[in-house]
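No lab work stands behind these numbers, since they all come straight from the coordinates. Keep in mind it's a predicted model, so treat the numbers as computed, not measured. Here the Cβ positions follow ideal geometry from the backbone for every residue, glycine too, while neighbour counts run over all protein chains shown.
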Amino acid sequence: MKIVPNSGDGRTPIVLVTGLDADAVARSAGALLVPGTTVVHHDLTELDLGRVRRTLRTVDDDGQERAHQSVLLLEHGCISCTLRNDLLPLLRQLHRRDTVERIVLQLDSALEPEALSWAIDQAIVSDMPGLPDAPAGEDVRIDATIACIHEADWLEAATGDTTMAEAGLSATTGDEDERTLAQVAVGQVAFADALVIVGCDAAMRDAWASARLTAVLKRLAPSAPIIMEIPQRPITTMLAVQLLSAIPAGSRRGHIDTPHDPLLRGEPPLDSDCGVELFTFESDRPFHPARLHEAIDHLLEGVVCSRGRMWLATQPDSALWVESAGGGLRVAEGAPWLAAMTEDELAAVDPELRALAALRWDDHYGDRHTSMAILAHRPGQPDEIRQALSEACLTDEEMAVGKANWLSFDDPFGLAHSDPCDDLPRAVDVELTNREDNR
């Protein structure tokens, strides 16, 4: 059976298959192995030994599967550098093979599809004989991302604070990988265009837990078609083809959102289901940084994930970008506000973004605002979070003292950290990897 690529621009289509469940990822990638497809897998299980095993799999028209394995030595002890220096050139090479119509990347559990998509699209591949320096994205394009999740334990992983290193899934040597399982699990699903759920045996299924999981997935990846793989019916090429065909137009397909893009992609349901609710918090007042630092703990309890841009009174030029998943939180400097740009900088801004900003433009503060999307999984949590964030905004009295005086507020998110975060790096790029770190 042929898997016919979408008509396009001459670039070779790529399907990313991702997930914490390595066996499920392998099965789903294998189901896509048909004549004309090459499956690429970098195995990180020997990372501590300083090597990575790369396997290329193909199948002949007569169904004969062939595999070629190489051993890669780590460069600088960095898996990211090793994969970039091997995978990205390989993609450009595969594009030039007449026998390759589609590439399937079977991702190790520690790899995040969004970061890889960015590298494919943006990282310059140089020093390839006969080829100009260019990103791999000049030759290949992300056609779909499939995330595989395990029905029995995905939600627990997505709401906890276990680190990747603690789970034995580190993407670095030693215990330096401080990402949490939740951050990786949520990122894999949120970036996916389609989902494969590895189901439990019917006798072991918890109906309520399965319903909660479905409610979360419908809000995290609302437009993604889903198939269920059960022990009695493993995924087949037919099911894999049907899944890819069901991906609707307008799906992500490797697109990486910017801090000013809409936060609710794919029109997710906003009602409550099994105690799961996706809601937004909006404010046209800035946050007091010290009170926000206290309130942000509410995003780490009873919340699957949150993401959005925040207006901080002490940082008037750029939005503060916040992302959380389970007990992991990341705070970073986001995109500059349009109101803080020069005329030349504004001229380079996407007209659609300027039009959206104009809809909420304020004569005094421009496009500055706070907008958060939060996915909670406990009843009552949305009201608690809204109240905590509202109380962290400036009061009438604080608004009245004016922008110049706001700069004197104590700022735990500023360049100079103070207690309780003395041990953290500068706040414009802070990783708070568990609940204890943020207290």
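Phi-derived couplings, Karplus 6.51 cos²θ - 1.76 cosθ + 1.60 at θ = phi - 60°, listed residue by residue for region 46-55: 9, 4, 5, 8, x, 9, 10, 9, 10, 10 Hz, with x used for Gly and Pro.
If R0 is 25 Å, the Cβ-Cβ spacing of ALA67 and ARG96 corresponds to a FRET efficiency of close to 0.75.
When the Gaussian network model of the chain links Cα atoms closer than 10 Å, the mean-square fluctuations of ASP139, ASP317, ASP60 top out at ASP60. Projecting each Cα onto the charge dipole of the chain (Lys/Arg +1, Asp/Glu -1 at the beta carbon, about the Cα centre), which of GLY36, PRO382, ILE230 comes out farthest on the positive side? Going by the charge dipole, the pick is GLY36. Using a Gaussian network model of the chain in which every pair of alpha carbons under 10 angstrom is joined by a spring, one finds that among PHE279, PHE191, PHE409 the greatest mean-square fluctuation is at PHE409. Structural descriptor for region 277-407: relative contact order 38 percent, calculated from alpha carbon pairs under 8 angstrom and at least 6 residues apart.
Would you mind counting up the charge near ASP273? Only other residues with Cβ under 15 Å from its Cβ, with Lys and Arg at +1 and Asp and Glu at -1. Charge balance near ASP273 sits at +2. Which shape class, rounded, prolate or oblate, goes with region 12-246 when its Cα gyration tensor gives a ≥ b ≥ c as root eigenvalues, a/c under 1.5 marks rounded, and past that a/b bigger than b/c marks prolate? Here region 12-246 falls in the oblate category.
Give the residues of region 185-199 whose amide nitrogen is closer than 16 Å to a point set 7 Å from the Cα of ILE230 in the direction of its Cβ. Counting only backbone N, you get 197-199. Extension gain, LEU264 to TRP361, is 32.9 nm, computed as 0.36 nm per intervening residue step minus the present C-alpha separation. Model label points for ILE124 and SER80, set 7 angstrom from Cα along the Cα-to-Cβ axis, are 1.9 nm apart. What the phi angles of region 362-371 give under the Karplus curve with 6.51, -1.76 and 1.60, with θ = phi - 60°, is a coupling list of 10, 4, 9, 10, x, 9, 5, 5, 10, 9 Hz, glycine and proline written as x. Rounded, prolate or oblate for the chain? Axes are the square roots of the Cα gyration tensor eigenvalues, ordered a ≥ b ≥ c, and the cut-off for rounded is a/c under 1.5. Taking the square roots of the gyration eigenvalues as a ≥ b ≥ c, the chain is prolate. Coupling constants for region 117-123 follow from the phi torsions by the Karplus curve (6.51 cos²θ - 1.76 cosθ + 1.60, θ = phi - 60°), and in residue order they are 4, 4, 5, 4, 7, 10, 6 Hz; glycine and proline get x. In a reduced charge model with +1 at each Lys and Arg Cβ and -1 at each Asp and Glu Cβ, region 12-246 shows a dipole moment near 600 debye about its Cα centre.
Shape of region 140-224 from its Cα gyration tensor (a ≥ b ≥ c, root eigenvalues): rounded if a/c is under 1.5, otherwise prolate when a/b > b/c, or oblate? Oblate shape, in that a/c is at least 1.5 and b/c is the bigger or equal ratio. Along the Cα-to-Cβ line of GLN387, 7 Å from the Cα, sits a label point; which residues in region 260-300 have backbone N less than 14 Å from it? So the set is 298.
Rounded to the nearest 10 degrees, the angle from helix 79-95 to the longest Cα principal axis of the chain is 50 degrees.
Check GLY326: other-chain or 5+ apart residues with amide H under 5 Å from its amide H, H built from backbone geometry? Answer set, sorted by chain and number: CYS305. Helix content alone sets the calculated 222 nm mean residue ellipticity of the chain: runs of n ≥ 4 DSSP H residues at -39500 (n - 2.57) each, divided across all residues, give -7500 deg cm²/dmol. Since only LEU195, VAL401, THR280 are under comparison, the one whose Cα sits farthest along the positive direction of the charge dipole of the chain, derived from C-beta charges on Lys, Arg, Asp and Glu, is LEU195. For the pair CYS274 and LEU131, the difference between a 0.36 nm per residue extended length and the Cα-Cα distance amounts to 46.1 nm.
In region 277-407, a dipole from Cβ-located charges (positive for Lys and Arg, negative for Asp and Glu) runs towards its positive end, and of HIS364, LEU346, TRP311 it is TRP311 whose Cα lies farthest in that direction. With loop membership from DSSP and a limit of 16 other Cβ atoms within 10 Å, the longest segment of the chain without GluC sites (Glu not before Pro) is 302-439. Charged side chains reduced to their Cβ positions (Lys and Arg at +1, Asp and Glu at -1) give region 277-407 a dipole of some 280 debye around its Cα centre. Annotation: extensible slack from ILE256 through ASP23 equals 81.2 nm (criterion: 0.36 nm per residue apart, minus Cα-Cα distance). List the residues of region 65-92 whose backbone N lies under 14 Å from a point placed 7 Å from the Cα of ARG51 along the Cα-to-Cβ direction. Answer for region 65-92: 69-75. Charged side chains reduced to their Cβ positions (Lys and Arg at +1, Asp and Glu at -1) give the chain a dipole of some 1540 debye around its Cα centre.
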